[in-house]
Amino acid sequence: MNFELTASMMCANYGNLEKEVRDLEEGGIDSFHIDIMDGGYGPNYAMGLHDMKYIASATKKPLDVHLMIVHPEKYVERFCDAGAWSVGFHLEAVDDPLPILDLIKAKGVRTCLTINPDIDVKRLVPYLDKVDMVLLMSVFAGFGGQKFIPETMDKIRFIKAEIVKRNLPTLIEIDGGVNADNAAE
């Protein structure tokens, strides 16, 4: 099983993003996770398109954009055009994810569908063959420093079994509370 380490930029020092990017690259990260929150869907504000563009200009590593916003369909193309490697949004934030996934795919960017911890993981199953990645939130979206929710492990096992059963190349991403103490699990 292959693993990649994606550095969340939500808690970065915005006063010195270039140094943060350089330090993380030197530390061996594989990509950067860019949390975009609008204070509407996501209960906080974090990063914006300009922040993401700045990080894109400072690195050649992939940028994994996580939209925690209302009406992601209005913004996905902007993030794709700004250099995102993948763009994900919350299943529970939209009525129909398929047109938004099509917008992202049309831009040649990887698609990702995300759920919060209180959403049944089975809701992702109909979309597994339509996305490049699923993002399972292991904390509630909005604030850094939360503890990993242990029940996420059951969701990981369930969604992995579905992916294997269908022989899909779909990746699984985990967001929140992953640290040196629990990463191996």
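The values are calculated or read from the model by the stated rules, or taken from the named source; none is laboratory data. Owing to the predicted nature of the structure, the values given are computational and were not obtained by experimental measurement. No Cβ is skipped: glycine too gets one built from the backbone with ideal geometry, and neighbour counts run over all protein chains shown. Side chains are part of the model used for accessible areas, which takes the heavy atoms of the whole protein and leaves out ligands, DNA and RNA. Shrake-Rupley method; radii C 1.70, N 1.55, O 1.52, S 1.80 Å.
For the stretch 128-185, the set of chymotrypsin sites (Phe, Trp or Tyr not before Pro) satisfying both a DSSP loop assignment and a count of at most 14 other C-beta atoms within 10 Å is given as Phe140.
Taking each residue as 0.36 nm, the span from Tyr14 to Ile119 lengthens on full extension beyond its C-alpha to C-alpha distance by 34.6 nm. Cross-link pairs exceeding 26 Å in C-alpha to C-alpha distance, out of Lys130/Lys165; Lys74/Lys107; Lys105/Lys147; Lys130/Lys155, comprise Lys105/Lys147. By the helix-only formula, in which each DSSP H run with n ≥ 4 contributes -39500 (n - 2.57) and the sum is divided by residues, the chain has a 222 nm mean residue ellipticity of -7500 deg cm²/dmol. The largest accessible area among Glu173, Glu73 belongs to the first residue in Glu73, Glu173, and the rest follow in falling order (1.4 Å probe, all chains). Under 12 Å from the Cβ of Glu20, count the other residues' Cβ atoms, weight Lys and Arg +1, Asp and Glu -1, and hand me the total. That sum, taken over residues with Cβ under 12 Å, equals -3. Cut-off under 20 Å on the C-alpha distance; same-chain residues fewer than 8 positions from Lys19 excluded. Which aspartates and glutamates are left, in chain and number order? Partners within reach: Asp30, Asp35, Asp51, Asp64.
At the listed q of 0.15 Å⁻¹, the Debye profile of the stretch 89-185, built from one uniform point per Cα, gives log10 I(q)/I(0) equal to -0.60. Mean projected area of the convex hull spanned by the Cα atoms of the stretch 1-69, taken over all viewing directions: 5.0 nm². Counting only DSSP beta bridges with both residues in the chain, the antiparallel share comes to about 5 percent.
Name the shape class, rounded, prolate or oblate, that the alpha-carbon gyration tensor gives for the chain, where a ≥ b ≥ c are the square roots of its eigenvalues, rounded holds for a/c under 1.5, and otherwise prolate holds if a/b is larger than b/c and oblate otherwise. It comes out rounded by the Cα gyration axes.
Using all pairs of distinct alpha-carbon atoms, the Kirkwood hydrodynamic radius of the stretch 59-109 works out to 11.0 angstrom.
Restricting the trypsin sites (Lys or Arg not before Pro) of the stretch 107-140 to loop positions (DSSP other than H, G, I, E, B) with no more than 11 neighbouring Cβ atoms within 10 Å leaves nothing.
Reducing the stretch 1-31 and the stretch 155-185 to their Cα centroids gives an inter-centroid distance of 21 Å. A Förster distance of 30 Å, applied to the separation of the beta-carbon atoms of Lys165 and Phe140, puts the FRET efficiency at 0.55.
Of the DSSP H helices in the chain, those that are both long (alpha-carbon extent of 15 Å or more along the helix axis) and hydrophobic (Kyte-Doolittle mean at least 0.0) are 152-165.
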